[in-house]
Structure formats: structure tokens, C-alpha cells
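Structure first, then comments.
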């Protein structure tokens, strides 16, 4: 039976040929924990030691292993793990070459500089599989700090490592993305007010508007929008949803609500472009999209406003509307609520704090001067002094 530590179940068992495994099953459900442990025993009994060992060594997460096992794709996962590894040096060159058409030269240079530091840390001849582990990335982060790099610089380096990890997954060099914990950002949130949004949208050429309406209306990332197909849209009487591919969720997708004004624009776009089924919603190269954004910003008189800032604009206005922050977290696809709390200052329930202090003042009778003058100080309401 799986062991339990806190609320999480762990597998704690000796596997012949591998050794003792004590590792989280990432579930709080006892039945699910038993099923996952039985799956590991079944894989071991079938002679698939490489899969059990991959789980033990952190090369594959238990959810991904279970998904492949339950969907009959265990052969594909096993093949990916056996694929010939490549060196970090070659992977970086290949990754930057693949990323070049999608980003500006300055951004590509920043990625390159960050990856140069990573290659220097792990060694150019180190394997991608060994280098892109959570513990290695965390050690790299600590090393950069010890070298005197600022937290902002380290965050840029980690962003470049994240780009490399994405490329490595696509190539099949690694199965799971390493955990990459950036430092909290203190950067100012850049967003547009209503009149600026109207001016910006009017500055866009007609063919580009549906994409930017989607970004502004939902808070989706540009990469998420670029990967959407017609099949990912769900139009219905209770509102429109779009299924966004998200590796951080257990199912690999997350539903994003699409407001009516954006849904109508998407329907018109699909009809006008004769799109259907697995057709991509937006086939414009990213560099072209970036140029159109820069053109619209220039016409509208907006400075230092990026495409990613559309995400901030959506989040700020949703927070202002009073959307509970846990729902905003789901909409934006934040891994933890701390990321969403950046927008708490725009939320009426969080910004209007004076009323709560007024209620306390009234409840304690501290608002009447004649009641507090000459009062004898009382000891705090506690059982004992600490």
C-alpha cells in the first residue's frame, strides 16, 4: 500500500533491478494512489524497467506515465525515452535557430546570452536529458546569483532555459519540463485604459483584429492563441470556451472563457477565411504579428507596450470588475495564486480596505472620543502572556 506523508501519497517499495523507490504519487486520493502503485508494479512485471526507472529518476512525471499507460501509448513514451540524447551545445544551437523567425533580434540575443551562461555551467558536452533537470536548473540559478548577477538577470537566464526546455520536449530529447522557479517580478504592470484600447483596435488593419481581440478579451498568451485550431473552440448557449494546450494542467488543456464580443469576431473570421476542423485559427508568422502591433502602437501613440501586455490589460480589467482572484488564476493559467495576486490592487474587494477598518473601529467602540478618554488600559484577551 502506498505510504502517506501529510495529505500526499507516496510509493515506498523495493523494485528488483532498480532498488528502493520512495517518491510522490502526486495525489491525495487513496484509490488513485493504489492504482498508480499497481501501474508501476505492472510495468515492472512486464519488464519495462526503463519506465519505472525514468519515474524514479524524475525523467517522467507520474501523471504523464499514467496517461500513456491508460491510453495505450506506453510504447510511444518508451520510444521517446530510448531516443538518442544530444548535447546541450548542439541543442542550444538548434533551439535558437528554430526560435529566430518568431522573435526580434534583441530578444534572440537575450536568449543567446542566457543560454551561454547555462552551457558554461553544465558543459557543452553534457546531455540535454541530464542538464534539463529541476535540481540542475536550481543549482544554475544559485550559481548565477553567487557570480553577482541580479535577480532580474537571473530571471532572463531562466527564461532562456525555459525556451530550451520547450524545444527539447518538441524534439523528444526530454519527456518532462523541469521546474523553473523565477524570482517574483517587481516590474510595473503595463496596461491600457478603455479609450486607449479603442484607439489601438482602430489602428489595427481589419485582418489582424480577431487575433488581438482574442488576446485583449481573454488574457491568453500569444503562443497559446497561435496554436489554436477551429476544433479548440466550443460555442454554446452558456458562453464560448476555447481549449488551450497547457502542460501544467492534469489533462493537458485548460478551458478559457471567451466573451461574446470576441466570440462573434472569431465566428466571422472563421467564416470569412473558410476555416474548419483542424485548421489553425491564425496562420500569420509571429514576426508579421509583431510588426502589426508595433504599427498600431505607433499610430495610437502608445510607447513601451508589448503584445504580452495585452495579457496584463485583460487581467487588470477583469480584476477591476470584481472577478474572484481564483477564477482569474484559472482564466490566465497561472501555476499558483501568487502570480495572480499582482492584480489584487486593482480588485475592489482588495483596494477598498478602509471599510473593513471602519467596521472594526465601530465594533470596538473606538470611534467615540468620549468613550476612550480616561479609559483604563486592559490586558489583551489571551489565556497567558507570551
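The values are calculated or read from the model by the stated rules, or taken from the named source; none is laboratory data. Remember, predicted model here, so these are calculated numbers, not experimental data. Cβ placement follows ideal geometry from the backbone for every residue including glycine, while neighbour counts extend to all protein chains displayed.
Is there a residue being in contact with a strand residue (DSSP E or B) (Cβ under 7 Å, 6 or more places away or on another chain) and not assigned by TED's automatic domain parsing to the domain that holds residue 341 anywhere in segment 158-176? No, segment 158-176 contains no residue that is in contact with a strand residue (DSSP E or B) (Cβ under 7 Å, 6 or more places away or on another chain) and not assigned by TED's automatic domain parsing to the domain that holds residue 341. In the set (1) crowded, with 19+ Cβ neighbours inside 10 Å; (2) outside any helix (DSSP H, G or I), residue 91 fails one condition alone, (2). One residue is enough: does segment 284-292 have a residue meeting the conditions under 22 Å from the mean Cα position of the chain (by Cα), within 21 Å of residue 188 (Cβ to Cβ) and touching a residue at least 12 places away in the same chain (Cβ under 8 Å)? No, because not a single residue in segment 284-292 is under 22 Å from the mean Cα position of the chain (by Cα), within 21 Å of residue 188 (Cβ to Cβ) and touching a residue at least 12 places away in the same chain (Cβ under 8 Å).
Any residue at all in segment 99-109 that is touching a helix residue (DSSP H, G or I) at 6+ places or on another chain (Cβ under 7 Å), under 30 Å from residue 291 (Cβ atoms) and without any contact (Cβ under 8 Å) to a residue 12 or more places away in the chain? Checked segment 99-109: at least one residue is touching a helix residue (DSSP H, G or I) at 6+ places or on another chain (Cβ under 7 Å), under 30 Å from residue 291 (Cβ atoms) and without any contact (Cβ under 8 Å) to a residue 12 or more places away in the chain.
Total residues in segment 303-329 satisfying the condition of being under 18 Å from the mean Cα position of the chain (by Cα) and surrounded by fewer than 16 Cβ atoms within 10 Å (Cβ to Cβ): the figure is 3. Among the residues making up segment 6-32, a single one is more than 26 Å from the chain's Cα centre (by Cα) and closer than 22 Å to residue 72 by Cβ: 31.
For the condition at pLDDT 90 or above and out of contact with any strand residue (DSSP E or B) (no Cβ under 6 Å at 6 or more places or on another chain), what is the one hit in 100, 35, 54? Unique residue meeting the criteria: 35.
Scanning segment 260-283 for residues that are in a loop (DSSP other than H, G, I, E, B) and surrounded by 15 or more Cβ atoms within 10 Å (Cβ to Cβ) yields a total of 3.
When 96, 65, 77, 43 are checked against the criterion of being touching a residue at least 40 places away in the same chain (Cβ under 8 Å) and not in a loop (DSSP other than H, G, I, E, B), a single residue qualifies: 77. For segment 236-285, which residues satisfy the criterion of being farther than 30 Å from residue 176 by Cα and modelled with pLDDT under 90? Matches in segment 236-285: 236, 237, 238, 239. Within segment 1-13, residues that are over 15 Å from residue 40 (Cα atoms) have Cβ atoms under 6 Å from residues that are modelled with pLDDT of 80 or more in these pairs: 7/28; 8/24, counting only partners at least 6 apart in sequence or on another chain.
Just to be sure before I move on: is residue 60 part of a loop (DSSP other than H, G, I, E, B) and modelled with pLDDT under 90 in the structure I sent? Here the answer is yes, as residue 60 does meet what is asked.
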